[in-house]
Amino acid sequence: MRVWWLALALVAGCSDGAVSPVGGGPSAGGGKSDGAGGGASGADGAAAGSDGAIGGSDAAAALTDDDQDGLDDAQELAWARAYLPYISHSPTEQCKTGGLLVRVSPHAQDPTLVHIIYDYLYNDDCGTAIGGIGGHDGDDEVFAATIDPAQPPPAGIIALKAISHQGTPCERDSTCGKCSGLTACATLPIAGVAWPAVWPSKDKHGSYVDRADSCSAFATCFDECDDATAPTVPEIVNAGEPAHPLIHDLTDHGFITTANGWTHMELFHFDPWKDQTFGSAGNVSQDLVDPAFDTPACH
Ligand SMILES: [Ca+2]
Ligand SMILES: [Ca+2]
Ligand SMILES: [Ca+2]
């Protein structure tokens, strides 16, 4: 993510999306409209305590809360799955090997809401959609969400934010949601239900929450976003919290493995909480605490 970007003279045209059913993963595994993928993320608000805060005192005795944020750790992962936006990789994406590392925490402004940082880690950034210029080993691309566990998905997806090419002249921030001042999220259908979507740009993976408005060759540094034929539903792992990590080795955890298609050995046995770059990409430990990915609170 915090990757340089070459000033390109290259003109990368914006494809209108030749449709091919490549990849896409199992449809709707990230949460159907009944919340089936999300475990106990029903309208009862799961582990809400008497004070209304999620994971309040009434629920404390039943929690497994190794990252010590007040939320049940398994519930955190279930929410990250159930409220996952529709991830729309281009049908012609060439570098899709990857998965999501998440940090799930009580929302700082409203303890009845949950803030999720989704850090999409890839084996490769394959560079510009045309020409493959600027590719590198490893890639970290972040989007974030505010969710309301009291509402089933997708209604409970309150706000989304994505930042492409953060910290470079090519940075583009995009936000959407239900809170005051936000534009409603663009959607793609999951089982006939309009689902808020995130578009990782083809091969380079800069992320956008609105393809039509925010991701075009002229609005970006030649990023290209296309509608998928089915959502990508990647593996998701819960990183835990900075003071109390749940994971220190993404290979031992079964995430970055040859079985999952990863090939760059310098990415193996990566500790997401160590202050280091992810291959030739950005610093994941900084992604997970980056206030740029704070998302608003409302109901
Ligand atoms: Ca927890
Ligand atoms: Ca957590
Ligand atoms: Ca990238």
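Any read-out appearing in this document is the output of simple, stated calculations on the displayed coordinates, not a laboratory observation. It should be emphasised that the depicted structure is a prediction, and the values quoted were computed from it without experimental measurement. Every residue, glycine as well, gets a Cβ built from its backbone with ideal geometry; the counts of neighbours run over all protein chains shown.
Of the listed peptides 160-170, 198-208, what is their order by residue-averaged count of other C-beta atoms within 10 Å, with the highest listed first?
Result, highest mean first: 198-208, 160-170.
May I ask for log10 I(q)/I(0) of the stretch 249-299 at q = 0.13, 0.21, 0.28 Å⁻¹, from a Debye sum over the Cα atoms as equal point scatterers with solvent left out?
Evaluating at q = 0.13, 0.21, 0.28 Å⁻¹ gives log10 I(q)/I(0) of -0.40, -0.77, -1.07.
Each residue of the stretch 119-128 in turn: what ³J(HN,Hα) in whole Hz from Karplus with 6.51, -1.76, 1.60 and θ = phi - 60°, glycine and Pro shown as x?
Once rounded to whole Hz, the list reads 10, 7, 9, 10, 5, 9, 9, 9, x, 4.
So for each of 245-251, 101-107, 263-269, 69-75 I average, over its residues, the number of other beta carbons within 10 Å; can you give me the resulting order with the highest mean first?
101-107, 69-75, 245-251, 263-269
Given a Förster radius of 22 Å and the C-beta distance between Thr183 and Ala108 as r, what FRET efficiency does 1/(1 + (r/R0)^6) yield to the nearest 0.05?
Given R0 = 22 Å and the Cβ-Cβ separation, E is 0.45.
Given 5 Å bins starting at zero, what is the percent of C-alpha pairs of the stretch 111-151 in each, up to the one with the largest pair distance?
7, 19, 17, 15, 11, 10, 8, 8, 5, 0
Which residues' amide hydrogens lie under 5 Å from the amide hydrogen of His205, considering only partners 5 or more residues apart or on another chain, with H built in the peptide plane?
none
In whole Å, what three semi-axes, largest first, describe the equivalent ellipsoid of the stretch 66-128 built from its Cα gyration tensor (square root of 5 times each eigenvalue)?
Gyration-tensor ellipsoid for the stretch 66-128: 29, 12, 10 Å.
Take Cys185, Cys126, Cys179, Cys225 and order them by how many other Cβ atoms sit within 10 Å, fewest up front.
Cys179, Cys126, Cys185, Cys225
Given just the C-alpha atoms of the stretch 193-264, how large is their convex hull per residue in cubic angstrom?
165 Å³
Rounded if a/c is under 1.5, else prolate if a/b beats b/c, else oblate: with a ≥ b ≥ c from the C-alpha gyration tensor eigenvalues square-rooted, which is the stretch 153-232?
Oblate shape, in that a/c is at least 1.5 and b/c is the bigger or equal ratio.
Could you work out how far the C-alpha centroid of the stretch 192-271 sits from that of the stretch 139-176, in angstrom?
For the stretch 192-271 versus the stretch 139-176, the Cα centre distance is 12 Å.
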